[in-house]
Amino acid sequence: MKKLTIIITIILFSMVSTNVAYSSDKGKKGFDKLKSLVGTWSSKMPDGSETTITYKIVSNGSVIMENISSKEDDNMITMYHLDDNNLMMTHYCSIGNQPRMKAEVNNDNFNELHFRFVDITNLKNKDDGYMSNLDIKFLDNDHLIHNWTFTKDGKNTVHTFNAEKLK
């Protein structure tokens, strides 16, 4: 009986260790997926304007910098990085605040990344607007969708970028 208890304990421990190692790899896999975006992308907005999104690997490969710009708005920068095994991002919004979000990876489908609000700096008032979520869908190597959720006065508005990679 004692041997059986020891064997079961070893099996359970090895299952937990394997699961932790497997799940801790998801942040890195998500980060690697974002690296595939390096280059310049274009998105036509519903009002007919055009937005340019560029991705660049910086800081010796530890950060991916995203620059969203249009003729009508100031640039917005988002920095993606790993924090231990978690895929994180900080969005430097043109309205002057900086929300941080953490990727939720619920399965092995790295064609979708879901970033959820963690905290924010420079939010003057709790009812001021800020980006609270980001969902990225990788349609193929040359097409992606960004769904940014903007929260203001307790209400959410989704801003969608349907982007195509420029050749």
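Points to keep in mind about this one:
- Filtered residues of the range 113-136 (kept if in a strand (DSSP E or B) and either among the aromatic types (Phe, Trp, Tyr) or surrounded by fewer than 16 Cβ atoms within 10 Å (Cβ to Cβ) (or both)): Phe115, Arg116, Phe117, Val118, Asp119, Thr121, Tyr130
- Out of Met79, Met65, one residue alone is assigned to a strand (DSSP E or B), farther than 21 Å from Leu139 by Cα and either among the hydrophobic types (A, V, I, L, M, F, W, C) or in contact with a Cys (Cβ under 9 Å, 6 or more places away or on another chain) (or both). It is Met79.
- Exclusive hit being of a type in the set (A, V, I, L, M, F, W, C) and more than 23 Å from Glu104 (Cα to Cα), set Met89, Met45, Met79, Met65: Met45
- Which listed residue is farther than 16 Å from Thr160 by Cβ, touching a helix residue (DSSP H, G or I) at 6+ places or on another chain (Cβ under 8 Å), surrounded by fewer than 16 Cβ atoms within 10 Å (Cβ to Cβ) and in contact (Cβ under 8 Å) with a residue 40 or more places away in the chain, from Asn85, Asn141: Asn85
Here is a yes/no grid of residues against (1) at pLDDT 95 or above; (2) among the aliphatic types (A, V, I, L, M); (3) at positive phi:
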{"site": "Asn122", "(1), (2), (3)": "yes, no, yes"}
{"site": "Asp128", "(1), (2), (3)": "no, no, no"}
{"site": "Met131", "(1), (2), (3)": "yes, yes, no"}
{"site": "His159", "(1), (2), (3)": "no, no, no"}
{"site": "Ala163", "(1), (2), (3)": "yes, yes, no"}
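The values are calculated or read from the model by the stated rules, or taken from the named source; none is laboratory data. Treat the numbers as computed from the prediction; the structure is a model and nothing was measured. Note that we place each Cβ from the backbone using ideal geometry, even for glycine, and neighbour counts take in every protein chain shown.
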